[in-house]
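Notes follow the structure.
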Ligand code: GLP
């Protein structure tokens, strides 16, 4: 695991976007795995700039997002489809038909999502954030390392932390559809970003902790091509 320590989230976004841009130039038909949350917003802003100012070409890439809230329509302002459109897809020359996000509505056969990823040739580069409790995607502590895409229950701490985005408590989703840990580990390369002191404990378990399902992120120690970009605050327990 390569660890890159940066000053702050802004610099993390620049470093991550530079890596992603390099990979796109090397392989214009790259399959990217994408993440939501506040952490990768600066990465997406930098990628938008690279597209608009330096002609970075997204026209032939394919993307698969990690997760979506159960029950939210793609048009809901808190859905991850809405987030991706607002923060990235609406501002770059991507073919939206080649952007995939698990459906939070059609829950018949979530594992079909893994088949779609496989049919596209697998994920070349997977971008990840990190939950305070060590979750990746929405794979909460206790999730099996063998998990594939599935409907998952959110931890109480995740529900509470997400409640700030919804106007009433009742609206906060308690479940999501998430790529599983095995789905994520199948990616050829992983790039995880974590910034802020509230991520320090999870970063410790990610880099130095025992590999245990109690800290889902710890599975990444077993991946042969992982880079993590963390700021000084998130690195404080290493
Ligand atoms: C959510 C997402 C994760 C994300 C995490 C951290 O739970 N499902 O993919 O990594 O939040 O969010 P933030 O980057 O806002 O701290």
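The values are calculated or read from the model by the stated rules, or taken from the named source; none is laboratory data. Since we're looking at a predicted model, the values are computed, not measured. Using ideal geometry, Cβ is built from the backbone for each residue, glycine included, and neighbour counts are taken over all protein chains shown.
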Of (1) under 19 Å from the mean Cα position of the chain (by Cα); (2) touching a residue at least 12 places away in the same chain (Cβ under 8 Å), residue 52 satisfies every one except (1)
So which residues in the range 40-59 are touching a helix residue (DSSP H, G or I) at 6+ places or on another chain (Cβ under 8 Å), assigned to a loop (DSSP other than H, G, I, E, B) and away from the ligand (no atom under 16 Å from the Cβ)? 56, 57, 58
Being over 15 Å from residue 173 (Cβ atoms), touching a strand residue (DSSP E or B) at 6+ places or on another chain (Cβ under 7 Å) and either in contact (Cβ under 8 Å) with a residue 40 or more places away in the chain or in a strand (DSSP E or B) (or both) is the filter here, so list the residues in the range 82-109 that pass it. 84, 99, 100
Would you say residue 220 is in contact with a strand residue (DSSP E or B) (Cβ under 6 Å, 6 or more places away or on another chain), in a helix (DSSP H, G or I) and either modelled with pLDDT under 95 or more than 12 Å from the ligand (Cβ to nearest atom) (or both)? yes
Can you name every residue in the range 1-54 that is at positive phi and surrounded by 17 or more Cβ atoms within 10 Å (Cβ to Cβ)? none
Pull out all pairs, ordered by first then second residue, where Cβ-Cβ is under 7 Å, the residues are six or more apart or on different chains, the first lies in the range 130-148 and is more than 27 Å from residue 41 (Cβ to Cβ) and touching a residue at least 40 places away in the same chain (Cβ under 8 Å), and the second is in a loop (DSSP other than H, G, I, E, B) and more than 10 Å from the ligand (Cβ to nearest atom). 142/213; 142/214; 144/213; 145/213
Selected residue (only one of 37, 33, 71 is outside any helix (DSSP H, G or I), within 13 Å of the ligand (Cβ to nearest atom) and touching a strand residue (DSSP E or B) at 6+ places or on another chain (Cβ under 8 Å)): 33
Give the residues of the range 184-217 that are over 20 Å from residue 9 (Cα atoms) and within 13 Å of the ligand (Cβ to nearest atom), sorted by residue number. 184, 216
The lone exception for residue 79 - which of (1) within 16 Å of the ligand (Cβ to nearest atom); (2) free of Cβ contacts under 8 Å to residues at least 60 places away in the same chain; (3) at positive phi it fails: (3)
Given the criteria more than 12 Å from the ligand (Cβ to nearest atom), outside any loop (DSSP other than H, G, I, E, B), at pLDDT 95 or above and out of contact with any strand residue (DSSP E or B) (no Cβ under 7 Å at 6 or more places or on another chain), does residue 118 qualify? yes
Only one of these is in contact with a strand residue (DSSP E or B) (Cβ under 7 Å, 6 or more places away or on another chain) and free of Cβ contacts under 8 Å to residues at least 24 places away in the same chain: 181, 154. Name it. 154
Give the residue, chosen from 192, 130, that is assigned to a strand (DSSP E or B) and under 25 Å from residue 16 (Cα atoms). 192
